Ligand SMILES: Cc1cc2nc3c(=O)[nH]c(=O)nc-3n(C[C@H](O)[C@H](O)[C@H](O)COP(=O)(O)O)c2cc1C
């Protein structure tokens with residue numbers, strides 16, 4: 001068969017692994033064109049500090065969609081100004097932000113990719129620095145746009161400022177903020193929602209006994225510590241369409257003795273599934289400081305596999321997955337339903353197209369934009 005350049009199309013080199021990675025995946029009413037996904041990565045680029053994405057965000061997301069990613073998760077997006085990680089985070093706490101997102105979401109979808117948003121409250125890890133403001137790795141003082149952080153208990157994260165303990169009324173208000181942000185996300189055109197319950201931000205602070213010392217209904221045993229996350233999931237489910245998937249990102253371990261671990265993660269995943277959550281995005285760490293993380297290729301994959309098997313729920317794996325064959329194996333072996341390519345996508349927005357070539361996926365089955373087929377790897 002000849003392609004549009006008149007050259008004979010290359011014979012597939014391997015097909016099997018590549019065909020799993022490039023096979024579609026259905027979640028409720030959504031079909032994702034492949035299993036190569038872009039994880040949420042904060043770009044700290046709402047430089048006007050108004051929570052609105054900008055032309056930078058447009059280029060950032062649309063270029064990865066054109067590069068063939070099946071699914072894109074927009075970066076940590078504050079459900080309130082105090083829920084931002086830094087003053088330069090994007091948000092969905094007001095209606096102007098809906099319009100600022102819409103053109104990005106529309107054009108990502110026009111490429112055939114699907115796009116969702118990660119809704120976040122930063123808790124005790126909020127009000128931190130960013131490249132345009134400075135204070136990197138530190139708390140931003142109020143006179144530079146910072147704010148009083150909040151947490152389940154008055155325990156600071158390392159050298160960050162001391163958070164204020166949330167009252168039960170405050171907690172109920174935060175559930176309402178997640179609900180309202182999700183409703184705005186639907187209006188903006190996002191096709192799924194991811195709740196950020198990982199990396200030591202507010203929802204994971206509630207999960208972890210090392211950061212949650214409450215004695216009321218939001219602390220104590222696992223049922224109390226997961227109550228806020230379950231309430232947030234229920235609140236979001238109540239305002240999004242039935243056919244819209246809901247994801248939750250968790251840290252499967254805090255890598256600390258006596259803290260959050262895989263067994264609790266499996267229990268939470270089972271509970272979330274029963275509350276209408278469709279997929280667990282499995283990361284680790286970030287909850288407590290000064291721990292040793294055994295970072296290497298695939299280091300988080302076994303956690304994803306365990307949660308997939310033991311909680312019987314679809315998962316994505318993430319963390320130092322950088323090579324096409326590596327990604328293909330994870331999916332082909334059923335270790336995860338999809339893989340997320342983070343930092344490698346920052347240096348190569350066209351990672352999926354390169355992977356398709358390396359794995360011998362025929363051009364016609366690779367996620368090329370029609371305008372780019374003549375430039376396809378051959
Ligand atoms: C610049 C940058 C920003 C990130 N921001 C977020 C974020 O907003 N939300 C989140 O859950 N994880 C965030 N992460 C973590 C990534 O989603 C991903 O889990 C991590 O980079 C490991 O995957 P990788 O080895 O493929 O990069 C961020 C990572 C990077 C490098």
Point-to-point label distance, residue 159-residue 103, nm (Cα→Cβ direction, 7 Å offset)
4.1
Within the stretch 270-308, backbone nitrogen closer than 20 Å to the virtual label 7 Å beyond the Cα of residue 136 toward Cβ:
286, 290
When only Cα pairs under 8 Å and 6 or more residues apart are kept, what is the percent relative contact order across the stretch 16-375?
18
Rounded to two decimals, the Debye log10 I(q)/I(0) of the chain (Cα scatterers, no solvent) at q = 0.08, 0.09, 0.11, 0.13 Å⁻¹ is -0.39, -0.49, -0.73, -1.02
For residue 346 and residue 222, what does the FRET efficiency come to when R0 = 41 Å and r is the distance between their Cβ atoms, rounded to the nearest 0.05?
0.70
Principal-axis tilt of helix 262-274 within the chain, Cα atoms, nearest 10 degrees:
80
Share, in percent, of DSSP beta bridges within the stretch 16-375 that are antiparallel, nearest 5
15
Treat the count of other C-beta atoms within 10 Å as a stand-in for reagent exposure and order 86, 80 from fewest to most.
80, 86
What's the angle, to the nearest 10 degrees (0 to 90), between helix 227-237's Cα axis and the longest principal axis of the chain?
50
As a check on your grasp of the helix formula, calculate [θ] at 222 nm for the chain: sum -39500 (n - 2.57) over DSSP H runs of n ≥ 4, divide by the residue count, round to the nearest 500.
-9500 deg cm²/dmol
Once the piece of chain linking residue 215 and residue 293 is laid out straight, how much longer is it, given 0.36 nm per residue of separation minus the C-alpha distance between them?
25.1 nm
Projected convex hull area of the stretch 135-233, Cα atoms, direction-averaged, in nm², equals 7.3
What distance in nm separates the two pseudo spin-label positions at residue 187 and residue 41, each 7 Å out from Cα along the beta-carbon direction?
3.1
Packing-based exposure ordering (other Cβ within 10 Å, fewest first) of 263, 243, 278
243, 263, 278
Report, to the nearest 10°, how far helix 168-188 tilts away from the longest principal axis of the Cα atoms in the chain, using its own Cα long axis and a range of 0 to 90°.
20
Only Cα pairs under 8 Å and at least 6 apart count here; give the relative contact order of the stretch 41-184 as a rounded whole percent.
23
Name the most mobile residue of 21, 207, 359, meaning the one with the largest mean-square fluctuation, in a Gaussian network model of the chain with Cα contacts below 10 Å.
359
Pull out the extension gain between residue 144 and residue 309, defined as 0.36 nm times the separation in residues minus the alpha carbon to alpha carbon distance; nm, one decimal.
54.7 nm
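Let me have the relative contact order for the stretch 146-241, percent, based on Cα pairs under 8 Å that are six or more residues apart.
29
May I ask you to compute the full-extension gain from residue 333 to residue 238, defined as 0.36 nm times their residue separation minus their alpha-carbon distance, rounded to one decimal in nm?
In short, 30.7 nm is gained.
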Test of understanding: ordering 44, 350 by Cβ neighbours within 10 Å, fewest first, what list do you get?
350, 44
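Only the coordinates and a few stated rules stand behind these numbers; no lab work does. Keep in mind that this is a model prediction, so the values were computed, not measured. Heads up, the Cβs are rebuilt from the backbone with ideal geometry, glycines too, and the neighbour counts pull from every protein chain shown.
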